[in-house]
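Structure first, commentary second.
The values are calculated or read from the model by the stated rules, or taken from the named source; none is laboratory data. Worth saying up front: this structure is predicted, and the values here are computed from it rather than measured. In this analysis, Cβ positions are derived from the backbone assuming ideal geometry, glycine residues included, and neighbour counts consider all displayed protein chains. Side chains are part of the model used for accessible areas, which takes the heavy atoms of the whole protein and leaves out ligands, DNA and RNA. Shrake-Rupley method; radii C 1.70, N 1.55, O 1.52, S 1.80 Å.
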Amino acid sequence: MMDVRLIRRGQMYRYYLRQVVVGDYLRPVRTPLGIAQVQVGVPPGRWTGRGLADLGLRPGAIVTENELRQLFGQGRHPHGDRLVTEALAAGKTPAAAAKAGRLGRAVEVTGADLVFRPQPTIQLVWALGDEETRRTIETAHERAIETTLAWIEDHAATIRVGAQGRYPTRPVHGLAFARFRHYESRAGTPLLHDHVLVSLRGLRPDGKWGAVHSTALLENVVAASSLYNELVMAEVCEALDVAAEPRTVSAGRRPVMEIGGVPHELIGWMSQRGHEIDLCRQELEQEYVTAVDEDGNLKFGPVVSEEARTKLNRIAARKTRPPKPKARSLAQLRVDWRAGAKEFLGEAAHLVDELLERARAAAAAIRARVAETLDIALAALGVSAMVFVMSSNGLFHRRHLLAEARRFLALVQRGRRREPGLDETIVNAAIAAHCLDVTEPKTTRGLLADYRLYTARWAHPDPARARRRAPEAAPDVDHRPPTGLTAPDGPTLPVEMGEWDIPRVPLRYDRAVITSTALTHQMRAARGTGRACYYESVTAHQQAAMPEQPLPLFDTASDTEEPEDGDEPADYMERLRALQKARAETGAQDLTTEQISSIQARIEEMKARGKALRERYAPHPEAPVPRPVLKDQERGQRPGQPGTGHGGPRR
């Protein structure tokens, strides 16, 4: 995955100069950067990116301390001191010489720290495998980073020009990145990750330096992270001849794609730091839902929302952050890791030596059952449904569809490399078939394709109503924490015993899975003629999504006839039960009886809503045909006289 943190000029960059660039160890005072990196056993930083030539840097060159200080600490040219000296020697005035070392106007945010780390099972194979396996995974990791950075340069890096920055443009030659490699976590366990410091300065088309809009970069973090996750898994699987499978980390949340055949028990050994964070976060959540002010009212809320949970998790990570252990070389780390993993497994210690062989055997079984076909129409429908339900108000942008499409491809490809641009194809199909443009642009930025606002066609919500502020609660409302919680909208999902010890808002991912499944079956029934061929492609697609157990092919002979009134819900129920049986046999995400009933209720609700909308907007047979208003008539109306608009024509 990829995390991001902004770097501000002044004191903040010193944290990176004293710790991050030396493997998160505390750098001794007055120790040169190169010597400190050798002492802790991390390689020196390297420059990369298409915008290096504009700064006088070379790809692959070692990052020096002076370059970091001037570029990220002061927001100046990395060789600003030399440029100022040369300008003074050439006879320029001090003001003109100082301008030679700048990169446009001074800004507060000088860069961003992008942290790339592959999935846990990739970390395990990298740490416990042989040297050839280690180098192969590091190469795949670097390729995925390079591709993701190139996508950021082409789609996420934006320089705002013009009055109030209303006209966005791309950096002409790209950006500059400084990449630093780390090998371990603060707990001393394997954690291959790269810190990529990106300079938020770019050359505009007019030849002047401009500031890359940090907000636009943050908006595309999820899409970039999904791209890296998909690419690094595909690169590793293709290079090592292994395959990927989904692993549910937390109930009700998205599964994580991992290398099939790697024992998940080893993930627990490697995630000791994660357990500490989880325990601390649970304590913070308990304080969150019970904290009251002086009047006895709840300070925050009776439940923990997903946004609050994310912030509390970050606080817990900072509170439980331990100092790093004694520095060791990578060779010594790998020896200690193998010994620690074998000690953790005990009698099953032989699995450490058989890790790659077991993964390749599992890959052969997975690929034998995964179909290579991909139904673009069905993928577009599933992506649209997931994004619509996962959004807080049913509104989303193109980047949300793109991130979900990349997650979907990572799930169905199972480690295979996909065709370039397939994610864009799915997004374009989703926008064309299942999304409604409800953009109400008030600025030039709102007219851009990346900032168009969409909602799902099948829901027809009122965008203005969705964006209205909720009415304030009455003074006599009881703010005590409720004893039982249900989903604010949609069906109630069954939960395990103890899951609601701390009240939390039901996760939207559960509702998104139910909606996507219901719409998929509704789309199957709505295809009419030619259903037999469509069911075959749908079954192949679902088999690719769940290769552990192929789905039974539905009876296509009876599907060629049109269903009678009242038979469709039963038909849906039969197919959903088949889907539930296939998933239950393999331990995948089950659809329980309550969930199937919720899906049936959702289908009935959508059918009733569609019928009501058709009746509402259908023309009345006795209604007079409206006469068009001519331009001369509209122009002749008085400003205060009601006309075609509210309060007269707009001016």
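Brief remarks on what is shown
- Approximate spin-label separation residue 150-residue 106, in nm, with each point projected 7 Å along Cα-to-Cβ: 3.8
- Rolling a 1.4 Å probe over the heavy atoms of the protein chains gives segment 216-305 an accessible area of 43 Å² per residue.
- Rounded if a/c under 1.5, otherwise prolate or oblate - segment 141-235, Cα gyration tensor axes: prolate
- Cα gyration tensor, segment 212-269 - rounded (a/c under 1.5), prolate or oblate: oblate
- Contact order, relative form, for segment 1-159: 27 percent (alpha carbon pairs under 8 Å, 6 or more residues apart, mean separation divided by residue count).
- Other residues with beta-carbon under 13 Å from the beta-carbon of residue 97 carry, at +1 per Lys or Arg and -1 per Asp or Glu, a net charge of +3.
- Cα gyration tensor shape for segment 185-299, rounded if a/c is under 1.5, else prolate or oblate: oblate
- For the pair residue 450 and residue 612 in one chain, pulling the backbone fully straight at 0.36 nm per residue adds 55.0 nm over the alpha carbon distance.
- Rounded to the nearest 20 debye, the dipole size of segment 354-402 about its Cα centre is 100 debye, using +1 on the Cβ of Lys and Arg and -1 on the Cβ of Asp and Glu.
- Expressed as a whole percent, the accessible area of segment 82-185 that falls on carbon and sulfur atoms is 51 (1.4 Å probe).
- Heavy-atom surface of segment 325-407, accessible at 1.4 Å and reported per residue (Å²): 45
- Net length available on complete extension from residue 604 to residue 172 is 150.2 nm, with 0.36 nm assigned per residue and the Cα-Cα distance removed.
- Rolling a 1.4 angstrom probe over segment 272-333 with all protein chains present gives an accessible area of which 50% lies on carbon and sulfur atoms.
- Virtual spin-label span in nm between residue 82 and residue 300, 7 Å along Cα→Cβ: 5.1
- Accessible area per residue in Å² at 1.4 Å probe, computed on segment 27-99: 53
- Theoretical FRET efficiency, 1/(1+(r/R0)^6), r = Cβ-Cβ of residue 392 and residue 58, R0 60 Å, to 0.05: 0.85
- Stretch gain in nm, segment residue 433-residue 66, where the contour uses 0.36 nm per residue and the Cα spacing is subtracted: 126.8 nm
- FRET efficiency, residue 354 to residue 95 (Cβ-Cβ, R0 56 Å, nearest 0.05): 0.20
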